[in-house]
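The values are calculated or read from the model by the stated rules, or taken from the named source; none is laboratory data. The structure presented is a predicted model; accordingly, all values stated were derived computationally and were not measured. So basically every Cβ, Gly included, is an ideal-geometry build from the backbone, and we count neighbours across all protein chains shown. Note: areas computed on protein heavy atoms with side chains; ligands, DNA, RNA excluded. Shrake-Rupley method; radii C 1.70, N 1.55, O 1.52, S 1.80 Å.
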Amino acid sequence: MSALKIKKGSTSHSAYELRDPNADIVERHTLACIVENEPGVLARVIGLFSGRGYNIESLTVAEIDHTGHMSRITVVTTGTPAVIDQIKAQLGRIVPVHEVHDLTVEGPSVERELGLFKVSGKGDQRVEALRLADIFRANVVDSTLESFIFEITGTPEKIDAFADLMRPLGLQEVARTGVAALSRGAI
Amino acid sequence: MARQMTGAKMVVQALKDQGVDTVFGYPGGAVLPIYDEIFLQNDIRHILVRHEQGAVHAAEGYARSTGRPGVVLVTSGPGATNAVTGLTDALMDSIPIVVLTGQVPTFMIGTDGFQEADTVGITRPCTKHNWLVKETDKLADTIHQAFHVARSGRPGPVLVDIPKDVQFASGTYVAPKSARVSHYQPQVKGDIGAITKLVAAMEKAERPIFYTGGGVINSGPAASQLLRELVDATGFPITSTLMGLGAYPASGKHWMGMLGMHGLYEANMAMHDCDLMINIGARFDDRITGRLDAFSPHSTKAHVDIDPSSINKVIRVDIPIIGDVGHVLEDILKVWKSRGRKTHKDGLAKWWGKIGDWRKVACLSYTNSKKVIKPQYALERLEALTKDRDRYICTEVGQHQMWAAQYLTFEDPNRWMTSGGLGTMGYGFPASIGVQMAHPDALVINVAGEASWLMNMQEMGTAMQYRLPVKQFILNNERLGMVRQWQELLHGERYSQSWSESLPDFVKLAEAFGAKGIICKDPADLDDAILEMLAHDGPVIFDCLVEKHENCFPMIPSGKPHNEMLLGNASTKDAIQAGGAVLV
Ligand SMILES: Cc1ncc(C[n+]2csc(CCOP(=O)(O)OP(=O)(O)O)c2C)c(N)n1
Ligand SMILES: [Mg+2]
């Protein structure tokens, strides 16, 4: 058989297929990295994920200690357990990364995301949007005669559900922060 | 004591304080202030290369042969981009080097200024870490951090990008002692529980094998000593990757030769059949493992590595030990001795018997010729005529590299410089220059292929200028031999673009640079020609015309397990199936 007939990626037995696709199921993990807030640190983290072919579902970053210049990066990623372990080890190898925590396995944690939703409409639609927002405990942070901006915090699932409800009611724009997460209880 | 000085002066001061004696570099507009400071002092020797790639490989050669970081100084833009191949090479092979690049002044960054490149952006994925220094006050500290990162943990290349205004401005110099203590302090001691588990496995193993790599060499000479002690005390066989050659002496009683794609039959068979694999400072590279799901199927696997990301990356292991090879070996020896120095004597005796049978295959035998020089023969003669000398070997990349690994022997660490992970043609010649700089009185030989050698041949100028008597031993098959071999085995003998056409007359080329050239094509003349090369006090280009169609064996074809090696031409037909052809 000619070498050219091989479909790309068909070499499941090869040295390049580093992950045994049958071995494990894909899991979703939330990782928290404490990093030095120096230029390029976010590029290093993102470059690691793109360069090694890992997934990023959500990524948030902000300085959490202004005097010590430390930032917290929260990444939600998916992969088999072996891949997740690799991701953690690779993150830990980045020089300005001080700590890597897998909140998904290190005990219970809380995850929150903030979303801003611009919804425009008139009459009944507008009333319905307001009523649903109330049920979801979303706040109105801007309003005109034809539009609202709702602010909602919650788990990503809750924000997804809110988006689904707003779509038929005139959803125009969405901005989401991505997940921030902390482990529960005292450290 | 804090001192005020310009950024340019700081660079030179920091290098001195880091114990640097040699810098490989090439000037340009963005580093002129630093070159001015180099001009004004005599402690640091600057070697003017002929291409920035050469500077980085030379620094790698320097680093590998000394264990100390190699240092490079180049200008912004093209100077920095020319360094990228060398940086990637050093990253793949874990070589500590510190590259200093000039940059356009801070107020011009982002304006597409003349010779501006986003150097930290371009080199982020090919350095262990890099820095853009925007304030002169931070320059000295950053350079000290750079040295710390380059040599700590798993060593690697680092880069410091220094804008020109930062070089001109004055700031406060801090000495290494007063520099910020880095939070980057990789774990060096291995977990004693895991070490004890390994020792317990060693006591019971009937078919153990040590599989060692470049990590042993990177850990320092003490690690090699401890490895020798452990191997000889336990009586276990030992094989090594390309990168680890010399950590255990080739003349050692338990040495099995290199393993891997072109490794020895006995080494690969033993890896496949062992019941305990002890990986020390190697990384289960795909050149080593072959087909993963058939890799050493019946063994318990232990892995000692200072880089946690190497553990379970490719092969899941039973006993992971994160730590520095030297520290871990010391603890393994301590625990093993304290538990009564036990091994499974009967099992080992049988195991060595089996290894003896595999050795009888004599996998490195080849058909010699009286008419044409076989490359294997050329290396056997080079070995015989140089092995008792204070010798360092570099190589380029290709068949000659694999033959060099097979037919030359290494008794000590740091004597073998080859581009393993990246496989960079053009590495060997500049590397030999770096080695010779570090070891002026030693015999430094670059075993080269004609095609690779041409990739950085401009460094002849450097070798001549600094009177570096590097010997360029070119196994000239007038082919991109390794490519030709794969085309023969995998692509129906369609030799697409794998000839070395229009080659220079290497003797005249040598003479054009003022060096000595030697050509040899008759096996009967070979010894005399090699002796003539060795006798010449200066750089030599040795054009050794060899058999053009020789293939490099043994070979584990892509996609095959260790116990399905090809031993010679007879066995190659249809050996590599389509599934393997897609692999590199
Ligand atoms: C920079 C670079 N380009 C291409 C290759 C692919 N390659 C690997 S070996 C080889 C041929 C090397 O020829 P030569 O130096 O003459 O060595 P030989 O195999 O003939 O001994 C090539 C092109 C490489 N390794 N490096
Ligand atoms: Mg060749």
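Any idea of B:Lys548's accessible area? Nearest 10 Å², probe 1.4 Å.
70
Accessible surface of B:Met455 in the full protein assembly, 1.4 angstrom probe, to the nearest 10 Å²?
In the full protein context, B:Met455 sits at about 100 Å².
How well do other chains shield peptide B:303-315, expressed as the mean number of their Cβ atoms within 10 Å of each residue Cβ?
3
Which whole-number percentage describes the relative contact order of chain B, with Cα contacts under 8 Å and a sequence gap of 6 or more?
14
When Rg is the radius of gyration of the Cα atoms in the stretch B:13-142 and Rh is its Kirkwood radius, what does Rg/Rh come to?
Over the Cα atoms of the stretch B:13-142, Rg/Rh equals 0.93.
Assigning unit charges at the beta carbon (Lys, Arg +1; Asp, Glu -1) and nothing else, what dipole magnitude in debye, to the nearest 20, does the protein assembly as shown show about its Cα centre?
1300
Can you give the FRET efficiency for B:Glu135 and B:Met108, using 1/(1 + (r/R0)^6), R0 = 22 Å, r = Cβ-Cβ distance, to the nearest 0.05?
After rounding, the FRET efficiency stands at 0.85.
Measure off 7 Å from each Cα along the Cα-to-Cβ vector at B:Ala200 and B:Ala535, then give the distance between these two points in nanometres to one decimal.
The answer from the label model is 6.4 nm.
Give, rounded to the nearest 20 debye, the magnitude of the charge dipole that chain B has about its Cα centre when Lys and Arg contribute +1 at Cβ and Asp and Glu contribute -1 at Cβ.
It comes to approximately 1460 debye.
Treat each spin label as a single point 7 Å out from the Cα along the C-beta direction, and report the A:Ser183 to A:Val127 distance in nm.
A separation of 5.1 nm, rounded to one decimal place.
Compute the projected area of the convex hull of the Cα atoms of the stretch B:30-98, averaged over all viewing directions, and report it in nm² to one decimal place.
Over every viewing direction, the Cα hull of the stretch B:30-98 projects on average to 4.7 nm².
Which far-off residues, 5 or more places away or on another chain, put their amide H under 5 Å from the one on B:Glu478, with H placed in the peptide plane?
Sorted by chain and number, the residues that satisfy this are B:Glu450.
Please report the Cα spread of the protein assembly as shown along all three principal axes, rounded to whole Å, starting with the longest.
101, 66, 59
Place +1 on the Cβ of every Lys and Arg and -1 on the Cβ of every Asp and Glu in chain B, take the dipole about the Cα centre, and give the residue among B:Ala515, B:Gly420, B:Gly347 whose Cα lies farthest towards its positive end.
Checked the options; the winner is B:Gly347.
Under 8 Å for C-alpha pairs, at least 6 residues apart: give me the relative contact order for the stretch A:23-102, rounded to a whole percent.
Averaging sequence separation for qualifying contacts and normalising by length gives 46 percent for the stretch A:23-102.
At what distance in angstrom do the alpha carbon centres of the stretch B:296-336 and the stretch B:16-59 lie from each other?
Each part reduced to its Cα centre gives a spacing of 39 Å.
Please report, for the Cα atoms of chain A, the Rg to one decimal and the Dmax as a whole number; what are they, in angstrom?
Looking at chain A, its Cα Rg and Dmax stand at 21.1, 70 Å.
Please compute, for peptide A:82-92, the average count of beta-carbon atoms on other protein chains lying within 10 Å of each residue's beta-carbon.
3
Summing Lys, Arg as +1 and Asp, Glu as -1, what charge do residues with Cβ under 13 Å from the Cβ of B:Gln399 carry, B:Gln399 excluded?
Summing Lys/Arg as +1 and Asp/Glu as -1 gives -2.
Taking the Cα atoms only, what angle lies between the long axis of helix A:123-135 and the longest principal axis of chain A, rounded to 10 degrees?
The angle comes out near 60 degrees.
Please calculate the 1.4 Å probe accessible area of B:Ser178, with all protein chains present, and give it to the nearest 10 Å².
We get 70 Å² for B:Ser178.
In whole angstrom, how long is each semi-axis of the equivalent ellipsoid of the stretch A:23-102, when you take the square root of 5 times every eigenvalue of its Cα gyration tensor and sort them from largest down?
After scaling each eigenvalue by five and taking roots: 23, 12, 10 Å.
Just to confirm the number: angle between the C-alpha axis of helix A:81-93 and the first principal axis of chain A, 0 to 90 degrees, nearest 10?
90
Using just the Cα positions, wrap chain B in a convex hull and report its mean projected area in square nanometres, one decimal place.
Over every viewing direction, the Cα hull of chain B projects on average to 26.8 nm².
Which percent, to the nearest 5, of DSSP beta bridges fully inside chain B are antiparallel?
Roughly 10 percent of the beta bridges in chain B run antiparallel, per DSSP.
Listed highest first by mean packing, meaning other Cβ atoms within 10 Å per residue, what order do B:549-558, B:6-15 come in?
Highest to lowest by the protection proxy: B:6-15, B:549-558.
Placing +1 on the Cβ of each Lys and Arg and -1 on the Cβ of each Asp and Glu in chain B, which of B:Ala169, B:Gly77, B:Thr212 has its Cα farthest towards the positive end of the resulting dipole?
After comparing all options, I get B:Thr212.
What lysines sit close enough to B:Lys177 to cross-link, taking a C-alpha to C-alpha distance under 22 Å and skipping anything fewer than 8 places away on the same chain?
Answer for B:Lys177, where 22 Å is the Cα cut-off: B:Lys9, B:Lys16, B:Lys138, listed by chain and number.
Net charge around B:Glu206, counting only other residues with Cβ within less than 15 Å of its Cβ (Lys, Arg = +1; Asp, Glu = -1)?
Counting the neighbours of B:Glu206, the net charge comes to +2.
Nearest 5 percent is fine: what portion of the DSSP beta bridges confined to the protein assembly as shown is antiparallel?
45
Relative contact order for the stretch B:76-116: what percent, with Cα pairs under 8 Å and sequence separation of 6 or more?
Relative CO of the stretch B:76-116 lands at 54 percent.
What ranking do A:85-91, B:511-517, B:67-73 get when scored by the average of other Cβ atoms within 10 Å per residue, highest first?
Per-residue Cβ counts within 10 Å, averaged per peptide and sorted highest first, yield B:67-73, A:85-91, B:511-517.
Over what distance in Å are the Cα centres of the stretch B:243-291 and the stretch B:154-208 separated?
Value for the Cα centre distance between the two parts: 26 Å.
Summed for both chains, how many Å² of accessible area, to the nearest 100, are buried between B and A with a 1.4 Å probe?
Chains B and A together bury roughly 2300 Å² of accessible area.
Could you work out, residue by residue across B:285-294, how many beta carbons of other chains sit within 10 Å of that residue's beta carbon, and then give the average as an integer?
Per residue, the number of nearby Cβ atoms from other chains is 3 on average.
Enter the Cα centre distance for the pair the stretch B:379-399 and the stretch B:70-123, rounded to the nearest angstrom.
Cα centroid of the stretch B:379-399 versus Cα centroid of the stretch B:70-123: 33 Å apart.
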